[in-house]
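Have a look at this one.
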Amino acid sequence: RHPLFIFVVILYLSDALGDIAALTFAPMSVVAPTAALTVPVSSVMAFFAFGERPGVVGVLGTVLVMVGSAGGILFGSREEADHDVHEVLGLFLEHSFLAFVVVDVALMAACLALVVAWRGRSRCMVIKKTSSGG
């Protein structure tokens, strides 16, 4: 096995322990968005460890993750609340949550469509270059 892989697994496990410890000091609404920061950190580490250079889509995705994480930390609720199962199920049925789910799914579908279109266009360009180069 690659020694760097073992090192990464150890870091991943220590991150989980750090998250557990962080939950004793701050509410989940503050701690959870910080977990998303593993995406940009992984991108930077992949560059230095493996020489991987992210493409335009990778950079855009990383920036979106960072902005979303910062937004969750800045504007997330700071209050700690105890809810029973019925209250939690009721929260899922509120109009604001349902609107969030609809908008979120629409944005994900739009992003997926853009990625598929972009990759399809890139493949078409490669096929045209190889077929017309002969």
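What follows draws every value from the coordinates through simple rules; no lab data is involved. A quick note: this is a predicted structure, and the numbers were derived from the prediction, not measured. Virtual Cβ from ideal backbone geometry, glycine too; neighbours counted across all protein chains shown.
Each residue of region 5-16 in order: what ³J(HN,Hα) in whole Hz does its phi give by Karplus 6.51 cos²θ - 1.76 cosθ + 1.60, θ = phi - 60°, with x for Gly and Pro?
Result, ordered by residue: 4, 4, 4, 5, 4, 4, 4, 5, 5, 5, 5, 4 Hz.
Along region 97-108, what does the Karplus equation 6.51 cos²θ - 1.76 cosθ + 1.60 (θ = phi - 60°) give for ³J(HN,Hα), rounded to whole Hz, x for Gly and Pro?
Result, ordered by residue: 5, 5, 5, 4, 4, 4, 5, 4, 5, 5, 5, 5 Hz.
Where does the charge balance sit around Ala36 when Lys and Arg score +1, Asp and Glu -1, over other residues with C-beta under 13 Å from its C-beta?
-2
Under the Karplus relation 6.51 cos²θ - 1.76 cosθ + 1.60, θ = phi - 60°, what is the ordered set of whole-Hz ³J(HN,Hα) values for region 44-55, x standing for Gly and Pro?
Each residue's phi maps through the Karplus curve to give 5, 5, 5, 5, 6, 7, 10, x, 6, 10, x, x Hz.
Tell me, what is the Rg over Rh of region 1-104, with Rh the Kirkwood radius over Cα pairs?
Ratio of gyration radius to Kirkwood radius: 1.06.
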